[in-house]
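Just so it is clear, none of the values below were taken in a lab; they were calculated from the coordinates. Keep in mind it's a predicted model, so treat the numbers as computed, not measured. In this analysis, Cβ positions are derived from the backbone assuming ideal geometry, glycine residues included, and neighbour counts consider all displayed protein chains.
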């Protein structure tokens, strides 16, 4: 894990834990907590959490990362989309961290399968990525628009899109855009669910976590991180939501 991971973990701990609660937790797991003045040194703690391999640190990391993810998701569920931009971004980072930790625990620090991770800067990159699909493509995304469909335009197999059941999920005029897309020969089904926190892609028996909505590619960097050990859990949860979701009529 690199310095970026340390910074993300430090920011999450600072955001979701009070100083006193953090002190109590460190004492419980016999983990040293350093200070900057009167405040905990979150970056130093995060660095220790990642670098130390003793059992007490491993248990501490498992405990705190799991709680961070729960607290982040709780805040997302109990606040408006406009006010939880930080939490939405942090949720993706924490999911990635959980996958890495689970993989290291299972394989003794190394993954048996090389993960295929990507950073997309322009629409041409996800277009090429999705064109490699040899199975149905399932996309779970909180906001869907014209750019989303453009990224999927070379897919030759059925496309399933699961998004939020709210007006803001689609831009104005989306129905007409979708009809033209389908008239071009694409097999698309869209369903909407009342609760949707994560963004995922599944095809070719593989699963990825998306850092932000696919519809934003070209306006900001978009990371796609492959989930290996957690793939079956994610796929099972996704199928449950797909069955619960309402079919989008247009």
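Just a few scattered comments:
- Per-residue ellipticity at 222 nm, computed for the chain from helices alone with -39500 (n - 2.57) per DSSP H run of at least four residues, works out to -15000 deg cm²/dmol.
- All-pairs Cα distance distribution in region 122-250, expressed in whole percent, bin size 10 Å: 13, 48, 36, 3
- Percent of C-alpha pairs per 10 Å bin in the chain, short distances first: 7, 29, 32, 20, 10, 3, 0.
- Full extension of the segment from residue 70 to residue 119, taken as 0.36 nm per residue of separation minus the current Cα-Cα distance, would add 15.0 nm.
- Considering only beta bridges that DSSP places wholly inside the chain, some 60 percent are antiparallel.
- Beta bridges from DSSP with both residues in region 118-247: antiparallel share about 60 percent, rounded to the nearest 5.
- Scoring 29-42, 226-239 by mean Cβ neighbours within 10 Å over their residues and listing the highest first yields 226-239, 29-42.
- Its Kirkwood hydrodynamic radius, worked out from the mean inverse distance over all distinct Cα pairs, puts region 3-107 at 14.2 Å.
- For region 116-165 versus region 181-235, the inter-centroid distance based on Cα atoms is 7 Å.
- Packing rank of 172-179, 10-17, where each peptide gets the mean count of other beta carbons within 10 Å, highest leading: 10-17, 172-179
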